[in-house]
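Here the structure is laid out as structure tokens; the discussion comes afterwards.
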Amino acid sequence: MYGPPVDLSFKNIIHVTDALAEVPQRGLRPLNTNSRRKYLSRSFRLSNNSITDLTGLQYILSHFLAQPAKLGWLDLSFNKIRCIDPVLCELPELRVLYLHGNSIWNLSEVDKLRELQYLHTITLHGNAIETHKGYRSHVISALPQLKRMDFSAVTREERVLANVWRHCGKTTNQSLQ
């Protein structure tokens, strides 16, 4: 059985590796550890810090978690992240990813997450990318397995429209070349 999230929110972390000097916050449910003092959790919070990139994320996850490859939920919301780092794709079991309230401005950054086949929930609102025309359609077409985006359900109609939007966009781009 896995426990509550390892919570390193509100710690004034600038670089992911700064988390090494921190102790996770205590929640209502206690964090359990294994014999090597690693946390038995599949959830990790680094929200509300000042993180700009994810260099060292795998190391931090290995430091804190008993089974880092089983991470299923990652909260990186309210930081200063500008790009979606490919290190996220090294988390094959990732199902929920919170990136809202960051500084991601390039809509194509979302395409990097395509290989996360179990990713069913993502938040990206509060980033500059949400001002792009076709923002929601782009994300849904790039990540067709999504069930929830920005805390609302992805409907069947949205999937159909996103696929049409994506196909039309590719056709238009190809005819311009």
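Could you check what % of the DSSP bridge pairs in region 25-104 are antiparallel, to the nearest 5? Antiparallel bridges: around 10 percent, rounded to the nearest 5. Maximal additional length on extending the GLN117-THR155 stretch stands at 11.8 nm, based on 0.36 nm per residue less the C-alpha distance. So which of LYS80/LYS112; LYS112/LYS133; LYS38/LYS147; LYS38/LYS80 end up more than 21 Å apart by C-alpha? From LYS80/LYS112; LYS112/LYS133; LYS38/LYS147; LYS38/LYS80, over 21 Å: LYS38/LYS147; LYS38/LYS80. When each of the peptides 58-67, 149-158, 73-82 is scored by how many other beta carbons lie within 10 Å of its residues on average, the order from highest to lowest is 73-82, 58-67, 149-158.
Normalised by the number of residues in region 17-154, the mean separation of alpha-carbon contacts (under 8 Å, six or more apart) gives a relative contact order of 18 percent. Label sites at ASN34 and GLN145, each approximated as a point 7 angstrom past Cα along Cα to Cβ, lie 2.4 nm apart.
Each Lys and Arg Cβ is given +1 and each Asp and Glu Cβ -1; about its Cα centre, the chain then shows a dipole of about 420 debye. Taken along the Cα-to-beta-carbon direction at a fixed 7 Å, the label points for ARG26 and CYS168 span 5.6 nm.
Counting only protein heavy atoms and using a 1.4 Å probe, what share of the accessible area of the chain belongs to carbon plus sulfur, as a whole percent?
Exposed carbon and sulfur together represent 53 percent of the surface.
State in Å² the accessible area per residue of the chain; use a 1.4 Å probe, count heavy atoms of protein chains only, and round to the nearest integer.
Numbers: 9710 Å² over 177 residues.
Value for the chain: 55 Å² per residue.
3J(HN,Hα) along region 21-33, derived from phi through the Karplus expression 6.51 cos²θ - 1.76 cosθ + 1.60 where θ = phi - 60°, amounts to 8, 10, 10, x, 5, 7, x, 5, 9, x, 7, 9, 10 Hz, with x in place of Gly and Pro.
Restricting to bridges with both residues inside the chain, how much of the DSSP beta-bridge set is antiparallel, in percent to the nearest 5?
Values: 3 of 18 bridges.
Beta bridges within the chain, antiparallel portion: roughly 15 percent.
The values are calculated or read from the model by the stated rules, or taken from the named source; none is laboratory data. Treat the numbers as computed from the prediction; the structure is a model and nothing was measured. Don't worry about glycine lacking a Cβ; one is built from the backbone with ideal geometry, like all the others, and counts go over all protein chains shown. SASA here: full protein model, heavy atoms, side chains in, ligands and nucleic acids out. Shrake-Rupley method; radii C 1.70, N 1.55, O 1.52, S 1.80 Å.
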